[in-house]
1. Report, to one decimal in Å, the Kirkwood hydrodynamic radius for the range B:223-345 based on all distinct Cα pairs.
2. Give me log10 I(q)/I(0) at q = 0.19, 0.28 Å⁻¹ for the range B:186-242, Debye formula, one equal scatterer per alpha-carbon, no solvent.
3. Under the 0.36 nm per residue contour assumption, what length would be gained going from the current alpha-carbon distance of residue B:223 and residue B:152 to full extension?
4. Could you give the length gained by full extension between residue B:376 and residue B:358, i.e. 0.36 nm per residue of separation minus their alpha carbon distance, to one decimal place?
5. Could you calculate the contour length gain from residue B:288 to residue B:348, that is, 0.36 nm times the residue separation minus the distance between their Cα atoms, to one decimal place in nm?
6. Let me test this: with uniform point scatterers at the alpha carbons of the protein assembly as shown, what is the Debye-based log₁₀ I(q)/I(0) at q = 0.08, 0.13, 0.14 1/Å?
7. Can you compute the helix-only [θ] at 222 nm over chain A? Use -39500 (n - 2.57) per DSSP H run of at least 4 residues, normalise by all residues, nearest 500 deg cm²/dmol.
8. Evaluate peptide B:215-226: per residue, the Cβ atoms of other protein chains within 10 Å of its Cβ; return the mean as an integer.
Amino acid sequence: MTAAQLRAIVFEVLSEIAPEVEPGVLRGDQPLRDQVDLDSMDFLNLLVGVHQRTGVEIPEADYPKLATLDQLIAYLAQRS
Amino acid sequence: MPLLGADMDRGKILEWRKQVGDPIARGEIVALVDTDKAEIEVESFTPGVLEAILVGVGETVPVGTPIARIAGAEARGAPAPAPTPAPAPTPAALPPKPAVAPKPVSPLPPSPPRIAGERVRASPLARRVAAERGVDLTRVRGTGTDGTITRDDVERAAVPAAPTPATSPAPVRDRAAAMRSAIASAMERANREIPHYYIETRVDLARAQRWLAEQNAMRPIAERILPAALFVKALALAAREVPELNGFWRDGGFVPADGVHVGLIVSLRHGGLLAPALRDASDKTLAELMADLRDVVARARAGKLRSSEVAGATISLTNLGDQGAERVYGVIMPPQVALVGFGRVLDQPVAVDGLVGVHPCVDVTLAGDHRASDGHRGGRFLAALARRLQAPEQL
């Protein structure tokens, strides 16, 4: 999958969890949870949704590496 | 109309899921009700056959008003599902008692539910007008002497209910305002009636987090367990050890609850709160609790809860999460007598075996109702909770 496809998937899942988010205003290089009000349940649901759509396994130990959208998309791109 | 949360005083029927003549199993969903805060699926307390629908779609009635009649083997003609006391101890589902408070909580307290066949007090003129306009007097609230129904009462009852079609949900703005006002009245009541005491303790989570990381490494992502599930379980087990924190303050006395149903305070994205109950939390495994948590939080945020979930909590938990404040001094949800708050998990200096180390810790507070318990018992409760979190493999 291309980075653009992965990005679309991430935004699709994110909009199900936080419908108020406008993708255009999010900065990819800043921590996502500083920009969107996501609790730990929301963050888990985001990763579950991304896993279900891409098949990429995301061990819990890797969560700290996935703080920004850019990091998440790069992580998925390497593994999908 | 069942009481679906301490902050509800009326409800609107949005939908009947059963028709007259349909058989109904206990726990089956019979109607969808709008409580101002959320749309709640109302379950039947009793099995039987739906004999009559007493409140139509789009109508709003006070808590305690019979909304349907279910004919059952034993309880033929008993008004149900609303005002029938449940066989299980779900006291919050009862109509509100005459308040111990100096003034009524709502300006129009619901009239006591009328039993089918009970004589209705109404003036002859009111009866005539009711007959002309097709108003069912058993559903009219009388404001005359001794609750007699007057012509004006009938006129008011005959005004068609809000013309909003049941299918179009209220605009978010209105919903948010209604929720704010429902929370306001519950919190006013809590601070007026409940003498709160507050105590707190710091819990070292190093073992619990290590254990959880090991467990989650073996679990597929959708089955991973969040620390919140550990908090719920430890709280529920501690509540079983110190039962005077698990139950209700009613009519000047404490009524302990049979099971531990943890009311989880869920904040909604557009503002406001809901507090669905995780039922029998002390008897469930962590995996079961985690599945319940995900399910109930998702449905609370989607506005799709069931009556047994919104009404049955026996003690509440608020968890500020990993980005929230360090600790919280909560307001108890009446008629419960305790609320436990978990702050943000932070690395803290901790003395272990004479050495200072840095461990993840959480500050846990207890807001207790001083009528039902004292700080000493509250302290026992927090100690039990902290002890449980030190042995995560036994949760």
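1. Details: mean 1/r = 0.0687 Å⁻¹.
That comes to 14.6 Å for the range B:223-345.
2. So the normalised log intensities are -0.85, -1.15.
3. Details: separation 71, 0.36 × 71 = 25.56 nm, distance 5.88 nm.
Extra length from residue B:223 to residue B:152 when fully extended: 19.7 nm.
4. Numbers: separation 18, 0.36 × 18 = 6.48 nm, distance 2.95 nm.
So the extension gain works out to 3.5 nm.
5. On the way: separation 60, 0.36 × 60 = 21.60 nm, distance 3.09 nm.
Result: 18.5 nm gained on full extension.
6. Per q value, in the given order, log10 I(q)/I(0) is -0.56, -1.24, -1.37.
7. Values: 4 runs with 45 residues, N = 80.
When only DSSP H runs of four or more count, the value is -17000 deg cm²/dmol.
8. Averaged over the peptide's residues, the number is 4.
Quick note: the coordinates plus some simple rules give every number you see, no bench work behind them. It should be emphasised that the depicted structure is a prediction, and the values quoted were computed from it without experimental measurement. Cβ: placed from backbone, ideal geometry, glycine included. Neighbour counts: every protein chain shown.
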